[in-house]
1. Taking 0.36 nm per residue of sequence separation and subtracting the Cα-Cα distance, how much length would be gained by fully extending the chain between residue 193 and residue 73, in nm to one decimal?
2. Can you work out D for the chain in µm² s⁻¹ from Stokes-Einstein, where Rh is the Kirkwood radius over C-alpha pairs, the temperature is 37 °C and the viscosity is 0.692 mPa s?
3. Taking all pairs of distinct Cα atoms, average 1/r, flip it, and tell me the Kirkwood hydrodynamic radius of segment 1-145 in Å to one decimal place.
4. Let me have the 222 nm mean residue ellipticity of the chain computed from DSSP H runs of 4+ only, each contributing -39500 (n - 2.57), with the sum over all residues rounded to the nearest 500.
5. How much of the DSSP beta bridge set in segment 25-132 is antiparallel, as a percent to the nearest 5?
6. With a 1.4 Å probe and all protein chains left in place, how much of the accessible area of segment 70-127 comes from carbon and sulfur atoms, in whole percent?
7. Can you check how the C-alpha radius of gyration of segment 80-206 compares to 2.2 N^0.38 Å, as a plain ratio?
8. Which whole-number percentage describes the relative contact order of segment 143-260, with Cα contacts under 8 Å and a sequence gap of 6 or more?
Amino acid sequence: MFSQRDLPDDLAAVRETHAPGALVLDCEGDFETLPPARAEDLGLLVDSLDPVSYPGEWLPPDAPAQLRAYAGRDFTVGMPGDGGVTWTRQTVPPIVLVKARTEGSPEDFVAFLIAEALVQAGLGLPEHFLGFFEGRYRDLAAAARLPPVDTYQLAAALYDAYLGLHTRETFRGWESDRPRLHAAWADAGERLQPRLSGLSREVAIGRTDFAAAAELACSGVKHDLDLPTPFGALDTSAYRERGADYAVAWARKTFERLRE
């Protein structure tokens with residue numbers, strides 16, 4: 001199921017700087033959440049496991065079953081929205097998992113995704129939005145009043161933006177010493193920018209729902225792109241400093257305006 005990935009020099013240097021000792025593993029199959037038996041196989045490759053769990057009262061009554069399972073005591077790796085590469089610090093050392101869905105993707109883009117995961121793993125921040133919002137997740141759900149799956153997507157997007165505020169300075173700094181990774185980061189941003197330009201109008205006319213728009217817009221933070229209204233308010237030092245409280249206040253104000 002898992003095999004250790006050989007890292008080229010630039011990725012090895014990123015690992016050494018941000019997540020020393022982390023394992024980067026290729027996965028035979030694709031997944032959103034690893035089946036428990038497969039997740040436990042990771043224990044054979046690491047020194048120890050320290051599964052996280054969260055209080056059930058952090059979740060609204062209608063929270064998706066998969067999120068409730070994640071909050072429970074079972075060792076859970078990977079969740080919807082993680083993309084082709086995910087990471088966990090529930091193991092010692094940390095692990096970066098490269099999913100089978102990345103096969104056929106441009107090599108440099110996959111390298112950037114691995115580098116991004118290593119940088120994120122070294123931040124000391126939660127690996128999932130539930131650890132970020134904690135009990136404020138219920139407040140976010142109450143403010144947005146979206147279907148449970150859309151609330152999940154919005155929360156994941158908001159946390160992606162928060163992580164982006166912490167990582168993009170590192171990505172910008174790779175221009176001179178990690179040119180391949182910097183070029184892949186810049187190229188991904190250039191491909192994303194056209195999708196952001198008309199996003200506000202698409203939401204206004206109902207062509208794109210709000211949670212999907214948030215996912216697109218918030219991914220622009222890590223690429224240092226100009227964000228459309230109302231998402232530009234997330235690209236601020238205030239969000240970086242205040243975290244979940246700011247995100248919930250932004251959601252409350254935003255949805256109040258949308259319902260006027």
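1. Gain on extension, residue 193 to residue 73, equals 39.2 nm.
2. Using the Kirkwood radius from Cα pairs, D works out to 173 µm²/s.
3. On the way: mean 1/r = 0.0624 Å⁻¹.
Its Kirkwood hydrodynamic radius stands at 16.0 Å.
4. Dividing the helical sum by the residues of the chain leaves -15500 deg cm²/dmol.
5. For segment 25-132, the DSSP antiparallel bridge percentage is about 75.
6. On the way: 970 of 2040 Å².
That share works out to 47 percent.
7. Details: Rg = 16.3 Å, N = 127, 2.2 N^0.38 = 13.9 Å.
Rg over 2.2 N^0.38 Å, computed on Cα atoms: 1.17.
8. Reported as a whole number, the value is 36 percent.
The values are calculated or read from the model by the stated rules, or taken from the named source; none is laboratory data. Here the structure is a predicted model, which is why all the values come from computation and not from measurement. Glycine gets a Cβ as well: all are built from the backbone with ideal geometry, and neighbour counts include every protein chain shown. In case anyone asks, the SASA skips ligands and DNA or RNA and just uses the protein heavy atoms, side chains included. Shrake-Rupley method; radii C 1.70, N 1.55, O 1.52, S 1.80 Å.
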